[in-house]
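A short worksheet on the structure shown next.
The values are calculated or read from the model by the stated rules, or taken from the named source; none is laboratory data. Note that the structure is a prediction, hence the values are computed from the model and not measured. Every residue, glycine among them, receives a Cβ derived from its backbone with ideal geometry; neighbour counts consider all protein chains shown. Only protein heavy atoms, including side chains, enter the accessible area calculation; ligands, DNA and RNA are left aside. Shrake-Rupley method; radii C 1.70, N 1.55, O 1.52, S 1.80 Å.
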Amino acid sequence: MAEISLYNRAVSDFKAGKILIQNMDADENIVDIAGYHLQQSVEKLLKFQIEMQGDEYPFTHDIAVLMDLVDDVPEWVEEYCETLIKYGVKTRYSSLRVASKTIVLKLFGFLEKYIESIKPAETNDADSMPKI
């Protein structure tokens, strides 16, 4: 059975990103940090799905590699795969702005639906999505 903590950690990354989004106008670097949490959440959700399928996930941060191992990948993850990879790598080390505020906001909307769509039955309602 899948490790529920992967799902919970993905939700925590989502929540952290949503908090950051509220402050995006105050500091343009926050957009990159929110993008990083977006990528982290997607990565953990894909790994959670791999485990739910009864398989072991590889120790990688590469969304493309993980997508190849998941039976049911959301269309938007496939479409924005390169963007998500960029958010996971370049937002941590680049001195240039990487993430787009418009895209980050759009992807967080998709991410919220993704999280809800694979929510395990054992998840506590207290862990439900924040209304931010």
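Here are a few things to note about the model shown:
- Gyration tensor (alpha-carbon) shape descriptor, the stretch 55-111, a/c threshold 1.5: oblate
- Ligands, DNA and RNA excluded, the heavy atoms of GLU43 present near 10 Å² of accessible surface to a 1.4 Å solvent probe.
- Extension gain, ILE103 to LYS90: 0.36 nm times the residue separation minus the Cα-Cα distance gives 3.1 nm.
- Separation in nanometres of the label points that stand 7 Å from Cα toward Cβ, at SER12 and PHE59: 1.9 nm
- Entry comment: accessible area of the chain is 56 Å² per residue, from protein heavy atoms only and a probe of 1.4 Å.
- List ILE30, ILE63, ILE19, ordered by accessible area with a 1.4 Å probe, largest first: ILE19, ILE30, ILE63
- Shown are HIS61, HIS37, whose ranking by accessible area with a 1.4 Å probe and every protein chain present, most to least, is HIS61, HIS37.
- Counting only residues at least eight positions apart within a chain, or on another chain, the lysines with an alpha carbon under 16 Å from that of LYS119 are LYS15, LYS44, LYS47.
- Heavy-atom accessible area order for GLU51, GLU122, GLU116, GLU75, largest first, 1.4 Å probe: GLU75, GLU122, GLU116, GLU51
- Phi to ³J(HN,Hα) by Karplus 6.51 cos²θ - 1.76 cosθ + 1.60 over the stretch 37-53, Hz, x for Gly, Pro: 5, 4, 4, 4, 5, 4, 4, 5, 5, 5, 5, 4, 5, 4, 5, 4, 7
- Compared with the dominant Cα axis of the chain, that is its longest principal axis, helix 81-93 is turned about 60°.
- Close amide H contacts of ALA99 (hydrogens built in the peptide plane, cut-off under 5 Å, sequence separation of 5 or more or a different chain): ASP32.
- Whole-percent carbon and sulfur share, accessible surface of the chain, 1.4 Å: 49 percent
- Crossing angle, helix 4-21 versus the chain [Cα axis fit, 0-90 degrees, rounded to tens]: 20 degrees
- Inverse mean reciprocal Cα-Cα distance (Kirkwood Rh) of the chain, Å: 14.8 Å
- Take the Cα of ASP27, step 7 Å toward its Cβ, do the same at SER117, and the gap between the two points is 3.3 nm.
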